[in-house]
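Report on the following structure.
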Amino acid sequence: MLTSTHIPVLVKETIEALAAQPGGRYIDCTVGCGGHAAAILEQSSPGGQLLGIDADPKAIEVARARLEAYSGSVLLVNDNFANLQAICLKYDFLPVHGILFDLGLSSLQLNGSGRGFSFQHDAPLDMRLSPNQEVTAADIINTSSEAELAQLIRKYGEEGCSRQIARHIVRERPIRTTLQLAQTIERAIGSRRGIIHPATRTFQALRIAVNQELEHLEVALNQSINLLGFEGRLVVISYHSLEDRIVKQFMHREAKDCICPPRVPTCVCGHKASLKLITKKVVTPSLTEVELNPRSRSAKLRAAKRIISQDEQYMTVEELGGSTEAKANGWRRPTVLKKLRSVFLAA
Ligand SMILES: C[S@@+](CC[C@H](N)C(=O)[O-])C[C@H]1O[C@@H](n2cnc3c(N)ncnc32)[C@H](O)[C@@H]1O
């Protein structure tokens, strides 16, 4: 059986931001090794329910073992969170009190999973979260043009030396393993560059490209709003500036009534705020947490809650494309809750 040494990040802050409460219903879009999920279930017990999603089937296996004590209250789904709305409709799991995204990778994936996420372990250049995905990091490295590689490494890795790296990659390919790639990068830009390894940014870029991480995040954030009940919480922990920018821009945009460009004299967009920011400033781990868990050092937590303007109604399940069950004031009627519990017990 797979087990994990992954230490969840900002747990207390996450539970506070989610305002987790007994009987609440939550979605953990990145259930990983189940650390945050266990904390949410503990806080929402008795009666709490959790839908845990992960693209990685191995993570689901680990989470299932970790959350065994709560098996009657947990539904685990191996899927991409880009399908969040469809998953919630399929399992009749909406609206919810809170949605969590703890982005990036778990220690399970980074520590010698054999899938090439880290240059600290020699492994094939794969980097797919799910074996169902077609394109691997090796495919990108060995088939892209030099210009495409340089652009990808700059865009997703924010790497200033992307051109030199791309030139060396093209010269030295085929490149099949993490060690080969890390050594190629060292030959391109040297082995010492401040505190981060010279391959860090290129590995980040490849992982983002292979898993279309930024696109999936945008899609899922947009879907999350209609899944939240009144005052339901959206909490996102990100680990690099590209993710955090998307989260920040999304939350700030959705917290505004008008998103017209500043030079437009009167509003023409008709946009209505659907969120209220809870964290005006980003929340980061304490020094003690970083000391205990160095992987938490880049974590940034942002949170917002669902609001509804006077003229706005919840989208009905039918409008979302789902079943014809009814809702009352944005929350499920008891009959539907009963049905929901039977889904949990059957899962
Ligand atoms: C940082 S880990 C989460 C750890 C978890 N919070 C815990 O306490 O154990 C991030 C997880 O998100 C998953 N993930 C990343 N992108 C995903 C996506 N688009 N859809 C579903 N899962 C994704 C990864 O497979 C990984 O297991």
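Below are the figures for this structure:
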{"quantity": "Identity of the residue in the range 55-77, in contact with a Leu (Cβ under 8 Å, 6 or more places away or on another chain) and small (Gly, Ala, Ser), that ends up surrounded by the fewest Cβ atoms within 10 Å (Cβ to Cβ)", "calculated": "Gly72"}
{"quantity": "Test: residue in the range 165-182 that is assigned to a loop (DSSP other than H, G, I, E, B) and under 24 Å from Arg245 (Cβ atoms)", "calculated": "no"}
{"quantity": "Conditions (1) more than 28 Å from Ala205 (Cα to Cα); (2) at pLDDT below 95; (3) within 14 Å of the ligand (Cβ to nearest atom); number of the one not met by Ser107", "calculated": "(1)"}
{"quantity": "Residue count for the range 66-87, restricted to those that are out of contact with any strand residue (DSSP E or B) (no Cβ under 8 Å at 6 or more places or on another chain) and more than 12 Å from the ligand (Cβ to nearest atom)", "calculated": "6"}
{"quantity": "Members of the range 119-136 found to be farther than 21 Å from Ser298 by Cβ and either within 15 Å of the ligand (Cβ to nearest atom) or in a loop (DSSP other than H, G, I, E, B) (or both), listed by number", "calculated": "Asp122, Ala123, Leu125, Asp126, Arg128, Ser130, Pro131, Asn132, Gln133, Glu134, Val135, Thr136"}
{"quantity": "Residue match in the range 279-302 (condition: at pLDDT below 60, assigned to a helix (DSSP H, G or I) and surrounded by 11 or more Cβ atoms within 10 Å (Cβ to Cβ))", "calculated": "no"}
{"quantity": "Count - residues of the range 5-34 that are surrounded by 21 or more Cβ atoms within 10 Å (Cβ to Cβ) and on the phi < 0 side of the Ramachandran plot", "calculated": "15"}
{"quantity": "Which numbered condition Ala273 misses (of (1) in a loop (DSSP other than H, G, I, E, B); (2) more than 16 Å from Gln223 (Cα to Cα))", "calculated": "(2)"}
{"quantity": "Among residues of the range 188-211, those that are without any contact (Cβ under 8 Å) to a residue 40 or more places away in the chain and either in a loop (DSSP other than H, G, I, E, B) or over 15 Å from Glu159 (Cβ atoms) (or both), counted", "calculated": "8"}
{"quantity": "Residue in the range 160-173 that is away from the ligand (no atom under 16 Å from the Cβ), of a type in the set (Asp, Glu) and at pLDDT below 95 present", "calculated": "no"}
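The values are calculated or read from the model by the stated rules, or taken from the named source; none is laboratory data. None of these values were measured; they are calculated from a predicted model. Here Cβ is always computed from backbone atoms with ideal geometry, including for glycine, and neighbour counts include all displayed protein chains.
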